[in-house]
Amino acid sequence: MFDLDAIEKDWLANSFCLTDEEIRKIYINEGVTIKAYAETEEKFIKTLPNYKLTAEESLLLAIFGTKEEIEKEHEEIERINEKRKEMWKSKPKRPSLSQESQSTIVEGCLDVVFERTRSWYSCLDGNISMEELYYICLDSLLKSVKYCLHYSTKSSFRAYVKKYIEKNIIKLISKKEHISYNNAYCIIFGLMDFYDNNEKYDQKQLNYGYDKEIPYKPSNIYELIKNDDCDVNYIKDISSSEFMKEYKEALKELSEEEYDVMNLLYDNDGNPGLTHNEISDYLGTSIDKINNIKRKVKRKLRSDERFDKYKC
């Protein structure tokens, strides 16, 4: 049974708490700050080739230059554009902390997770379980540490984490309630009072009538549907382990790029793996390309005859 008090007690007894000042120094020491990244980008931009003519000189050339001079200048501009475009591919990446520093800050900031979990549980009148809120807060802390570009002059990491937690909890509620993020935000913070012809509308209340979502991995689908009635049960005598075995064999027939993406998206048991953003960072490619590869592989698997027996 989930016990937040026990988790916090264990952390207090065996771990440590970092101040915002100590956290800021860690980011500064590794150069993961807005200022450091801006300086790196500025240095990179200065290495890009510049156009020889000023705006005024280009205008004079367009008016008074000969056809040959204008064509020559256009060719030069095209060459510089291509060079700049090629160099932009190696633009400095947004920096992030080392894994060791990330782990240190996560451990040193768990007090934020405990405090925010209780605060949001109280704010939502216990209608979302403390366990679910705890894992949202913990995940928000992990991602904050990984993706934050810190101020170099202001110690404000905990405020950053709290804002990110707020964002993710409101996103969760808007999804569960089937309303927009803005509507959920206004309802939670009591901003739904509008005036029209001096008549005040009642504040909308959250429903909380939804069922809790239960995540299932692909290999468990068989166990969920094997007893369902249907005219012909093709999966009656097929185990989920057999499905995963054939799934892995099908992956081996993909291209190396497709195989890498699918193995990062799902682990060996079919559980969700890395996010599209994380895979994009790891492979050094765009998120759009990751999405395209995933769609392409899914089409291949749907048309694979080996999986026909799993279709009812």
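Here are some notes:
- Those trypsin sites (Lys or Arg not before Pro) in the range 58-117 that DSSP places in a loop and that have at most 13 other beta carbons within 10 Å: Lys89, Lys93
- Top positive-direction residue, dipole computed over the range 34-88 with Cβ charges, set Thr54, Ala36, Ile77: Ala36
- Between the beta carbons of Lys83 and Asp288, assuming R0 = 22 Å, the FRET efficiency works out to 0.35 to the nearest 0.05.
- Each peptide among 133-141, 275-283 gets the average number of other Cβ atoms lying within 10 Å of its residues, and from highest to lowest they stand as 133-141, 275-283.
- In this structure, Lys46 and Met1 have a Cβ-Cβ separation that, at R0 = 51 Å, corresponds to a calculated FRET efficiency of about 0.30.
- Here the simple spin-label model places points 7 Å from the Cα toward Cβ, and for Lys300 and Lys245 these points are separated by 2.2 nm.
- Only Lys, Arg, Asp and Glu carry charge here, each on its Cβ (+1 for the first two, -1 for the last two); on that basis the range 34-88 has a dipole of about 300 debye about its Cα centre.
- Model label zone, Tyr37; criterion: amide N under 12 Å from point 7 Å along Cα-to-beta-carbon; scope the range 94-135: 94-97
- Added length on full extension, which subtracts the Cα-Cα distance from 0.36 nm per residue, Asp139 to Ser58: 23.8 nm
- In plain terms, the chain from Lys163 to Ser180 could stretch by 4.3 nm, reckoned as 0.36 nm per residue minus the Cα-Cα distance.
- The length gained on full extension between His74 and Phe16, counted as 0.36 nm times the residue separation minus their Cα-Cα distance, comes to 14.6 nm.
- Whole-Hz couplings from phi, Karplus 6.51/-1.76/1.60, listed for the range 52-61; x for Gly and Pro: 6, 8, 6, 4, 5, 5, 5, 5, 5, 5
- Low-density loop positions, chymotrypsin sites (Phe, Trp or Tyr not before Pro), the range 1-100 - DSSP coil, at most 16 other Cβ in 10 Å: Phe2, Phe16, Tyr51
Here, each number is a calculation from the coordinates, and none is a lab measurement. Treat the numbers as computed from the prediction; the structure is a model and nothing was measured. No Cβ is skipped: glycine too gets one built from the backbone with ideal geometry, and neighbour counts run over all protein chains shown.
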